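J.: Below you'll find the structure I mean.
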Amino acid sequence: MWRGTRAPADTPSQAATEPPAITLEYWMHLYRYGRWDGSQQLDPFTADDLMKHLSDSILEERDLWSAMRDMFQHGANLTDGRRMAGLRDLLDRLRQRRQDQLNRYNLGSIMDDIKERLERVLQTEREGIQRRLQGAPPGPPDSEQTPDSQRQAQSKENDQPGESSPASPAGSPSPFSNDTDLQQLLESMARRRLDQLDALPPDVGGRIQQLRDYDFMDPEARQQFEELLDQLKAQVLQNYFQGMKQALGAATPEQMAELKNMLQDLNEMLEQHRRGDDSGFQDFMEKWGQYFPSGIQNPDQLAQHLQQQMAQMRSLMESMTPEMRHELQQMVDALFQDGGLMEEIADLVGNLSRMFPQPGERFSFTGDEPVTMQEAMRLMGDMQDLDQLERELMDAARLNDASRLDPDQIGRLVGDEARQMAEELQSFVRMLEEAGFIQRKGRGWLLTPRAMRKIGERALEEIFGRIDPSVSGDHTLTRYGWGTERLDETKIYAYGDPFAIDAQGTIMNALRRQGRGTPIRLDTDDFEIHRSASVNQCSTVIALDMSTSMHRRGIFQSARKVALALDTLIRTKYPRDFLKVVAFSHFVLPIEPYQLLDDYWIDPRGTDITEALHQARAILGKRKGGTKQIILITDGQPRSIGPRFGWSGDWYDGAGWSMHDLMEEVLREVGHCTREDITVNTFMLETEPVLTTFVKTLTKLNSGRVFFADPNQLGEYLIVDYVKNRRKTG
């Protein structure tokens, strides 16, 4: 695009007197096109997009609740090719994510990281021993010296030639008479240490137990081992008590003692609660409340919180093989040698198991990627969160409500695309409501008048989309009727024409005649007016059969779609026309076209065509002038409700009427319509010989038309017939 910028003025006076110069810079925007691979950002769908899909579902024999539920459950393929994911898609992604996790990781590697760190400790100790042997200090290692030997060795180190040691009287023998004895002692100590290291058991628990009693010669190795113990203690306790992570801090002896006392009081309080005594709860929370989140009001809530926090450790133990579980338990026993703390934890696990007897979930990991113990605990938490999320999604599916889902949690566990799916599921109902397509009624939803119009427009689009343009043609009339409509065409004004002036055309005529600009002088031949066409008002009643066969074969749904489309066509193209619907079975019910979307009034018994024509005639009798017509849509013979029985070769209904009698009644009513100048056009959806003869007789009596139509093409037949025959004079 072009962008204008001001050039700086040379002098202040120039800036004040001369207009600024304009320079143009051309900025080129480059666009690249490629196949969509899922990474491109698409514009979000709109409420209109959703309403189009909802309209299609409703027109396919679904009520609003069923259509919204189907949309919520299975998503929607929108008209522009995009897709709104449904809850099933989100569930599939969640389950695939969980399976990917199971196929990726290997729990058998939990101890590998600890073993590697222990190996580094041992390697550091071995290297330290070798350094001591190669550059032996003037005395034995401090860790092997008794207090007396330490003082004597120190005296030997401080003695100078010709001086006696202050630690021993003159002439008394020294325990280390020369450096050779000291070297031999050091080598003996080193061999014993190396033998101890070689004799360590292979399992982690056994190694930790023996290294705790081992006297390190290398200070760095001792420090590494102590740091490892502290970290492992903290990890184990955090794994048992996830909610206490901040309160636990470092696993110092003081912290361990405090935790032990808290667990002892907790177990006593839970034991009292199990016996029905909750008097100690408040005292416990006042003393130890800093370990727990706020909002816990009773022992049951506290126990539920602890159960959820300890569930990860229980799931980890359940997911291990018996050998791995035994090795982990040995390591825990070695870390907490005093036993008191682990006994209290074991008692707490027992108390919680009695209150919540379900075992920890077991996850079958089959992958190769190694995990540390800390990573395994996070993985257990994610797997449990995935299971909990699946239950929440199933509840959302059952209630048809996604408002309680947490998109951020879904995004963390399943991915950003899943988070977007959840947000769309939460927003699609809100979008429809804010756009004015639906409104809440109690726990359900109702379609608004705007939505009714949208559904009718959708039905009309579908039907007109299948009509050959050469058949449908223009919809305006040129004969005298009940009003006029302005056309886009214009003409030169002639005396007697309505003075619907086209100002632009008139002025252009004057300019062309004069061949110059202002002032413009108009002549009578310059005036151009819009052409107008007289239109014929048409009053129509659709008599729609809602018998069992119509529903069973899906014909009623096609007819309903046609009625909605015709209603939309009349309201948008022919607003002066009138349309009413009469639904009939063994009773007749005049309804508005939009009520066709409801089903509470449907009773698919009988086919009372006579009464349907009678009530349609009564409705049209109130209309003054114009074309009047009844569109009869049916697939069967006239019959009233009741069991049939045979008599003299003819069949009768329960009221004793024969088929011949019923047809006679229908033809008499058609005769009344003919005398009142009401045309009866019949769309017959069956071609049985008896019906064919009956309908042809009806048509001759009324001079209407009969169409033996395919239900799937009913809309095309009816819309084209309505538009074409509306040209006739009323």
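The values are calculated or read from the model by the stated rules, or taken from the named source; none is laboratory data. Worth saying up front: this structure is predicted, and the values here are computed from it rather than measured. Positions of Cβ are generated from backbone atoms using ideal geometry, with glycine treated the same way; all protein chains shown enter the neighbour counts.
J.: What's the total number of residues in the range 290-310 that are in contact with an Asp or Glu (Cβ under 8 Å, 6 or more places away or on another chain) and crowded, with 20+ Cβ neighbours inside 10 Å? Write out each step before concluding.
T.: In the first step, residues of the range 290-310 are kept if they are in contact with an Asp or Glu (Cβ under 8 Å, 6 or more places away or on another chain); the result is 298-299.
Now drop any that are not crowded, with 20+ Cβ neighbours inside 10 Å, which leaves 299.
Summing the residues that are in contact with an Asp or Glu (Cβ under 8 Å, 6 or more places away or on another chain) and crowded, with 20+ Cβ neighbours inside 10 Å in the range 290-310 gives 1.
J.: Let me ask something additional. Among the numbered criteria (1) among the acidic types (Asp, Glu); (2) part of a helix (DSSP H, G or I); (3) surrounded by 13 or more Cβ atoms within 10 Å (Cβ to Cβ), which one does ASP278 miss?
T.: For ASP278, the exception is condition (2).
Let's see how each residue does on (1) touching an Asp or Glu at 6+ places or on another chain (Cβ under 6 Å); (2) in a helix (DSSP H, G or I); (3) on the phi > 0 side of the Ramachandran plot; (4) among the aliphatic types (A, V, I, L, M):
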position	(1), (2), (3), (4)
LEU389	no, yes, no, yes
MET394	no, yes, no, yes
ARG398	no, yes, no, no
ARG419	no, yes, no, no
LEU432	no, yes, no, yes
GLY436	no, no, yes, no
MET452	no, yes, no, yes
GLU457	no, yes, no, no
GLU462	no, yes, no, no
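J.: Something else now. Might you let me know whether the range 342-349 holds any residue that is more than 15 Å from LEU237 (Cα to Cα) and within 40 Å of the chain's Cα centre (by Cα)?
T.: no
J.: Which numbered condition in (1) at pLDDT 90 or above; (2) surrounded by 14 or more Cβ atoms within 10 Å (Cβ to Cβ) is the only one that GLU119 fails?
T.: It is condition (2) that GLU119 fails.
J.: Quick one: would you say GLN330 is modelled with pLDDT under 85, part of a helix (DSSP H, G or I), touching a helix residue (DSSP H, G or I) at 6+ places or on another chain (Cβ under 6 Å) and crowded, with 19+ Cβ neighbours inside 10 Å?
T.: Working: modelled with pLDDT under 85: yes; part of a helix (DSSP H, G or I): yes; touching a helix residue (DSSP H, G or I) at 6+ places or on another chain (Cβ under 6 Å): yes; crowded, with 19+ Cβ neighbours inside 10 Å: no.
It is false that GLN330 is modelled with pLDDT under 85, part of a helix (DSSP H, G or I), touching a helix residue (DSSP H, G or I) at 6+ places or on another chain (Cβ under 6 Å) and crowded, with 19+ Cβ neighbours inside 10 Å.
J.: Here's something else I'd like to know. If you check SER143 against the conditions, is it polar (S, T, N, Q), modelled with pLDDT under 50 and under 25 Å from GLN224 (Cα atoms)? Show your work before the answer.
T.: Values: polar (S, T, N, Q): yes; modelled with pLDDT under 50: yes; under 25 Å from GLN224 (Cα atoms): yes.
Judged against the criteria, SER143 is a match.
J.: Can we say ASP100 is modelled with pLDDT of 50 or more, closer than 30 Å to MET51 by Cα and surrounded by fewer than 15 Cβ atoms within 10 Å (Cβ to Cβ)?
T.: No; evaluated as a whole, the condition is false for this residue.
J.: Please go through the range 49-108 and pick out each residue that is of a type in the set (D, E, K, R) and not in a helix (DSSP H, G or I). Steps first, please.
T.: First pass over the range 49-108, keeping only residues of a type in the set (D, E, K, R): 49, 52, 56, 60-63, 69-70, 80, 82-83, 88-89, 92-93, 95, 97-98, 100, 104.
If the condition is that a residue be of a type in the set (D, E, K, R) and not in a helix (DSSP H, G or I), then GLU60, GLU61, ARG62, ASP63, ASP80, ARG82, ARG83 are the ones that fit.
J.: Scan the range 408-438 for residues that are β-branched (Val, Ile, Thr) and at pLDDT 90 or above and jot them down.
T.: Step one: list which residues in the range 408-438 are β-branched (Val, Ile, Thr), which gives 410, 414, 429, 438.
Within the range 408-438, ILE410, VAL414 qualify.
J.: Give me the pairs, please: first residue somewhere in the range 303-329 and in contact (Cβ under 8 Å) with a residue 24 or more places away in the chain, second residue anywhere and surrounded by 15 or more Cβ atoms within 10 Å (Cβ to Cβ) and hydroxyl-bearing (Ser, Thr, Tyr), beta-carbon distance under 8 Å, and either six or more positions apart or on two chains.
T.: GLN309/TYR240; MET310/TYR240; MET313/TYR240
J.: Would you confirm, using the coordinates I've provided, whether ILE641 is of a type outside the set (Gly, Ala, Ser) and modelled with pLDDT of 65 or more? Walk me through it before giving the result.
T.: Working: of a type outside the set (Gly, Ala, Ser): yes; modelled with pLDDT of 65 or more: no.
The answer is no for ILE641.
J.: Only one of these conditions is not met by GLN304: (1) within 31 Å of the chain's Cα centre (by Cα); (2) more than 15 Å from PHE241 (Cα to Cα). Which number is it?
T.: (2)
J.: Something else now. Enumerate the pairs (first residue in the range 50-77 and without any contact (Cβ under 8 Å) to a residue 60 or more places away in the chain and outside the structural domain of PHE556 (by TED's automatic domain parsing); second residue anywhere and not charged (D, E, K, R) and not in a helix (DSSP H, G or I)) with beta-carbon separation below 7 Å, excluding pairs fewer than 6 apart on the same chain, so at least 6 apart or on different chains.
T.: HIS53/ALA76; HIS53/LEU78; HIS74/GLY86; GLY75/MET84; GLY75/ALA85; GLY75/GLY86; ALA76/MET84
J.: Just one of the numbered conditions (1) out of contact with any strand residue (DSSP E or B) (no Cβ under 8 Å at 6 or more places or on another chain); (2) modelled with pLDDT of 55 or more is not true of MET71; which one?
T.: With (1) out of contact with any strand residue (DSSP E or B) (no Cβ under 8 Å at 6 or more places or on another chain); (2) modelled with pLDDT of 55 or more applied to MET71, the lone miss is (1).
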